[in-house]
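Student: To start, I am sharing the structure in question, which I have written as structure tokens.
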Amino acid sequence: MTKKLLRALAGERIEVPPVWMMRQAGRHLPEYRETRTRAGDFLALCYTPELAAEVTLQPIRRYDLDAAILFADILLVPDALGLEVRFVEGDGPRLSTVTTRADFDALRAPDAIHDHLAPVYDTLRIVSGNLPSKAALIGFAGAPWTVASYMIAGKGTPGQGPAHALKMEQPGLFDALIAHLTDTTISYLSAQIEAGAEVVKLFDSWAGSLRGEDFENYAVEPTRRIVRALKSRHPDASVIAFPREAGKRYEGFARRTGADCIALDNSVDPVWAARHVQKDGPVQGNLAPRLLVAGGDALIRETRSILKAFKAGPHVFNLGHGITPDANPDNVHLMIDTIRKRT
Ligand code: CP3
């Protein structure tokens, strides 16, 4: 096992840690914008394997990163389950909703998604055959709570109000939806691993709004079920969990879910996380994406202080959230050179 990312995820401390970036394929790259225009719209890009593979590989060519992440979106799962999903330019995603038993009953079964998602698996096969040997291939899905929040509200919502309301008002329906998404995610990620993903990441972008027992029931428990099922089918695959804005509840998340690595958002103090999260195993993170807009000494200083905080244990260098469209590629080079001690 020579790929650095896989070594770090297996628990090895590496002097110069592996690095990749959330949303590394995206609008900050002119070559992405060009391919996206060629595809027509965002979903067409996700469902055209040659083009999706091309944008997956673009950041690898430009930056020599240690991992490629599949180009797709967490909302392909609701699309495959039968909801209407659209991406409105400048306004984010719009979906038809699940708020009644009848809506839920109309969803496809967890194992009936694969025809629809076949282009995603084809993308992974193409990338897998064209990746430099040092780079690992990461697949992903949204975690059940985060995906459910979009399916219930029909769009992104501050605080996930509609999803919290459904959880209170129709707990049976809400639990059924989470269970359905958990099974679907197991089926989807298994198929991604079979198509060539060596690592899978679960994005629970809205885990932070779950309070008390809800965090246990809807962030920890679905992740635990997904990790357990994936490990029993694919013992060699690694799982990165990203319960974003979990705060103090990052502590113990790896132990309680079985995830191989915990991705930290940029609200977490690395010194705290080294003591309370990295003690249980590998961590990933957590540079603030805005530093890739600003660049300069602040970027170098913060990159070094993250490296220093995590240097005693296994660490994957990454951002605390996705790179933004206004990030400057020169600053990405500066970050990587700082990590690889070329500055
Ligand atoms: O990281 C990568 O490079 C892989 C591809 C990837 C995308 N989305 C591509 C994308 C991944 C891993 C995601 C995850 C995703 N998608 C999340 C979880 C991570 C997070 O950011 O918290 C969420 C919540 C979504 C849902 C989503 N997709 C939203 C809210 C939006 C619109 C906002 C925006 O940034 O435009 C998207 C669109 C999207 N997904 C884009 C990309 C590159 C931009 C689309 C474009 O080209 O216009």
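The values are calculated or read from the model by the stated rules, or taken from the named source; none is laboratory data. Keep in mind the model is a prediction, meaning the values are calculated, not measured. Reconstructed Cβ throughout: ideal geometry from the backbone, glycine too, with neighbour counts over all protein chains shown. Remember, those area values only see protein heavy atoms, side chains included, never the ligands or the DNA or RNA. Shrake-Rupley method; radii C 1.70, N 1.55, O 1.52, S 1.80 Å.
Student: Only one residue in PRO119, PRO78, PRO162 is within 16 Å of the ligand (Cβ to nearest atom), open to solvent by 50 Å² or more (accessible area, probe 1.4 Å), over 30 Å from ASP330 (Cα atoms) and in contact with a helix residue (DSSP H, G or I) (Cβ under 8 Å, 6 or more places away or on another chain), so which one is that?
Tutor: PRO162
A quick yes/no check of all residues on (1) among the hydrophobic types (A, V, I, L, M, F, W, C); (2) open to solvent by 20 Å² or more (accessible area, probe 1.4 Å); (3) in a helix (DSSP H, G or I):
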| position | (1), (2), (3) |
| --- | --- |
| LYS279 | no, yes, yes |
| GLY285 | no, no, no |
| LEU299 | yes, no, yes |
| GLU302 | no, yes, yes |
| GLY313 | no, no, no |
| HIS321 | no, yes, no |
| PRO325 | no, yes, no |
| ASP330 | no, yes, yes |
| THR343 | no, yes, no |
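Student: In segment 81-104, which residues are of a type in the set (Gly, Ala, Ser) and either touching a strand residue (DSSP E or B) at 6+ places or on another chain (Cβ under 9 Å) or assigned to a loop (DSSP other than H, G, I, E, B) (or both)?
Tutor: Once the filter is applied, which keeps residues that are of a type in the set (Gly, Ala, Ser) and either touching a strand residue (DSSP E or B) at 6+ places or on another chain (Cβ under 9 Å) or assigned to a loop (DSSP other than H, G, I, E, B) (or both), segment 81-104 yields GLY82, GLY90, SER96.
Student: Would you please name the residue that is nearest to LEU264 (Cα to Cα), looking only at residues in segment 311-329 that are away from the ligand (no atom under 16 Å from the Cβ) and within 24 Å of the chain's Cα centre (by Cα)?
Tutor: Taking the candidates together, the pick is HIS315.
Student: How many residues does segment 5-41 contain that are open to solvent by less than 80 Å² (accessible area, probe 1.4 Å), modelled with pLDDT of 95 or more and part of a loop (DSSP other than H, G, I, E, B)?
Tutor: Qualifying residue count for the region: 14.
Student: If you don't mind, there's one more thing I want to ask. Can you tell which of LEU70, LEU5, LEU57, LEU9 is under 21 Å from ASN130 (Cβ atoms) and in contact with a Pro (Cβ under 7 Å, 6 or more places away or on another chain)?
Tutor: LEU5
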